[in-house]
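A short reminder: the numbers here are calculations on the coordinates, not readings from a lab. Here the structure is a predicted model, which is why all the values come from computation and not from measurement. Cβ sites come from the backbone with ideal geometry, for glycine too, and all protein chains shown count toward neighbours.
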Amino acid sequence: MSGAGLKVPRLRGEEVRRLLAADGLLDPHRAIKKEAEFLVFPLVPGRPVPASWGERVDRTFEPVSPKGPSDYRELLPWPSAEKRSLPRSFDVVGDVVLLRIPEALEPRSAEIGSALLSFVPGARLVGADRGVHGPERRRSVERIAGTGTWRTRHRENGLEFDVDLESAYFSPRLAREHELVAADVRAGDRLYDLCCGVGPFSVLIARDGRARAITAVDSNPAATSLLRSTLGRYPFGSKVEVVDGTLESFVPVAEPRERVILNLPHEGIKYLPSVARTVAPRGRLFYYEVSSRSDLGKRSEGIVDALAAHGSFRVVDRHVVHPYSPSSDLTAWVLERGSE
């Protein structure tokens, strides 16, 4: 059986498998292929996959016999028309499952939660995701199945992170992005991780060991507490300085550094003029924003203009991290400051 596949290093295999399965992109009728230090996942035909997840290739795959439901919707004895209105994708964070439920289906949330609890291996708790709100980026979640608290440990890139989905921001869909940014850090670089949440960028960069100084900043004390808990389990944890504070209080007194991360997708643009001054000459800013697909070119110009008050910046990379809505994506920009 020939068709499209996604080639990834084996070390990223489980992470990518979860991403593909959560978005309904993994073809359950064809077997995963092993190639030396790589895995090739069979893809559902005709569906786009973010380029940052892996290399798209063509392969011949062995067929597999179904061992059970390939989609949680198969567990619901609903008419086909109702099943089509169910969300295709969901997130798995540790042993917690999150998904967004259409308003029309909210009265049937318990049924949906029960199906997901049975479908996802090792799931303990299923929640309806009502979105991230406020300056501390707290997620509103509603239990629809399972037991226990929203606190869990999530594994990605060979690390375990303490996460509390109700009290501090975390997205499992950024695992590849954490890896890409960490790989860009050079020996001796100093780094700011602004609006760090539970600190996945900082922890991974600290483990890799090239950065000379890492400062992680967040205004949410629950997030910084979880980050300190994660760092306390690792011998490299002392490499990260954790700061409780707002961007308004931290940025004006921050000395420029070679790498700066700003992951504040809905409000980051208003901070760019002040954040620009924290980027050293020839340094890089990693900026994330939910952007419309229809005007990405103009958006790049607007971002560069917002940074212009504190130096000359150019876009060295722009890519889609993952779809956000039918008309928008979470987009990553890598911007490099000139040598002035």
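Here region 189-223 is scanned for amide nitrogen atoms under 12 Å from the site 7 Å beyond the Cα of TYR234 along Cα-to-Cβ, giving 199-211. Taking a ≥ b ≥ c as the square roots of the eigenvalues of the Cα gyration tensor, region 139-209 is prolate, since a/c reaches 1.5 or more and a/b is larger than b/c. Between ARG138 and residues 5 or more places away or on another chain, which pairs have amide H atoms under 5 Å apart, with H built 1.01 Å from N, and which residues are they? Close amide H contacts, sequence-distant or interchain: HIS133. Modelled label positions at VAL253 and SER140, each set 7 Å beyond Cα in the direction of Cβ, lie 3.5 nm from each other.
Net charge near GLY237: determine it from the other residues with C-beta under 13 Å of the C-beta of GLY237, scoring Lys and Arg +1 and Asp and Glu -1.
Local charge sum for GLY237: +1.
So between GLU301 and LEU105, what do we pick up on full extension, going 0.36 nm a residue minus the alpha carbon distance? Contour length minus Cα-Cα distance gives 66.5 nm. Mind checking which of PRO265, LEU39, LEU20 is farthest towards the positive end of the chain's charge dipole, using Cβ charges of +1 (Lys, Arg) and -1 (Asp, Glu) about the Cα centre? So the residue furthest toward the plus end is LEU39.
Region 89-104 and region 123-165 have Cα centres lying 10 Å from one another.
Between ALA309 and SER327, the contour length at 0.36 nm per residue exceeds the Cα-Cα span by 3.4 nm. Think of region 166-337 as a dipole: +1 on every Lys or Arg Cβ, -1 on every Asp or Glu Cβ, centred on the Cα centre; then among ILE214, PRO323, HIS310, ILE214 lies furthest on the positive end.
For the residue pair VAL64 and HIS266, what label-to-label distance in nm results when each label sits 7 Å from Cα along the Cα-to-beta-carbon direction? Spacing of the two 7 Å Cα→Cβ label points: 3.7 nm.
Which shape class applies to region 1-104: rounded if a/c is under 1.5, otherwise prolate when a/b exceeds b/c and oblate if not, where a ≥ b ≥ c are the square roots of the Cα gyration tensor eigenvalues? Since a/c reaches 1.5 and a/b is larger than b/c, the shape of region 1-104 is classed as prolate.
Taking amide H as placed 1.01 Å from N in the peptide plane, the amide H of GLY94 sits under 5 Å from that of ARG155, each at least 5 places away or on another chain. In the chain, Cα pairs under 8 Å separated by at least six residues give a relative contact order of 11 percent.
Result for the chain in a Gaussian network model with C-alpha springs under 10 Å: among PRO323, PRO273, PRO45, the largest mean-square fluctuation is at PRO45.
222 nm [θ] for the chain, helices only, -39500 (n - 2.57) per DSSP H run of 4+, per residue, to 500? So the helix-based figure for the chain works out to -6000 deg cm²/dmol. Each peptide in 310-317, 159-166 receives the mean, over its residues, of other Cβ atoms within 10 Å, and ordering these scores from highest gives 159-166, 310-317. Largest first, the extents of the alpha carbon coordinates of the chain on the three principal axes equal 62, 43, 42 Å.
Looking only at the chain, where both bridge partners belong to it, what percent of the DSSP beta bridges are antiparallel (to the nearest 5)?
Here the antiparallel bridges make up roughly 70 percent for the chain.
Taking square-rooted eigenvalues a ≥ b ≥ c of the alpha carbon gyration tensor, is region 2-60 rounded, prolate or oblate, where a/c under 1.5 means rounded and, failing that, a/b exceeding b/c means prolate? It is rounded, given that a/c, with a ≥ b ≥ c, falls under 1.5.
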